[in-house]
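The structure appears below as structure tokens.
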């Protein structure tokens, strides 16, 4: 048979579990932080400035890759970090919930960032090809493809500027 001490311990455990369950249920839940943007012009300018810093770093790294002062593996690592940063900028634009008058400008810059991320993916592909050895004509083809992607990204960034309210 159950002893009085065992029954008291069992009841105490049940009360503690029930109390903890209700406390968790009643406490407000944090559903993640949200960014509240009130100055959409400054927000977009900030994203553009950070994107420009990424562009400058990648251009320098690509020059280092082409003149062999940077190894393909080092280039790939740094480019993957830059790609992650661009993805973060894309998320920032999406989470800002731009009002109607800013939607077109934000949308164009969003597309510019996505196109630039495609550019980064292609530069990683180029670096991988350079590790295995690449012919001059293949290198020129790859550089032409990279140039086209970068121009598309730049054109979308210009469109973003032109559609600002």
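Quick look at the values:
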| quantity | calculated |
| --- | --- |
| Pair residue 67, residue 20: separation of 7 Å Cα→Cβ label points (nm) | 6.3 |
| Listed residues 81, 47, 15, most fluctuating in the chain (Gaussian network, C-alpha, under 10 Å) | 15 |
| The chain: relative contact order as a whole-number percent, Cα under 8 Å and 6+ apart | 24 |
| Highest-fluctuation residue, 18, 42, 71 considered, GNM on the chain with Cα pairs under 10 Å | 18 |
| Sum of -39500 (n - 2.57) over DSSP H runs of 4+, divided by residues of the chain (222 nm, nearest 500) | -29000 deg cm²/dmol |
| Helix axis angle, 4-26 relative to the chain longest principal axis, alpha carbon, degrees | 40 |
| Cα long-axis angle, helix 72-95 against the chain (0 to 90 degrees, to the nearest 10) | 60 |
| Among (i) 2, 8, 14, 14, 11, 9, 7, 6, 5, 4, 4, 4, 4, 3, 3, 2, 1, 0; (ii) 2, 7, 11, 10, 8, 7, 7, 6, 6, 5, 5, 5, 4, 4, 3, 3, 3, 2, 2, 1, 1, 0; (iii) 1, 8, 17, 20, 21, 15, 9, 5, 2, 1, 0, 0, the entry that matches P(r) over Cα pairs in 5 Å bins from 0, in percent as calculated here | (i) |
| Degrees separating the helix 40-66 axis from the principal Cα axis of the chain, which is the longest one | 60 |
| Highest to lowest packing among 91-101, 153-163, scored as the average C-beta count within 10 Å | 153-163, 91-101 |
| Most fluctuating residue given options 140, 128, 118, as computed from a GNM of the chain linking Cα atoms under 10 Å | 140 |
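Here, each number is a calculation from the coordinates, and none is a lab measurement. Keep in mind it's a predicted model, so treat the numbers as computed, not measured. Note: ideal-geometry Cβ built from the backbone for every residue, glycine included; neighbour counts use all protein chains shown.
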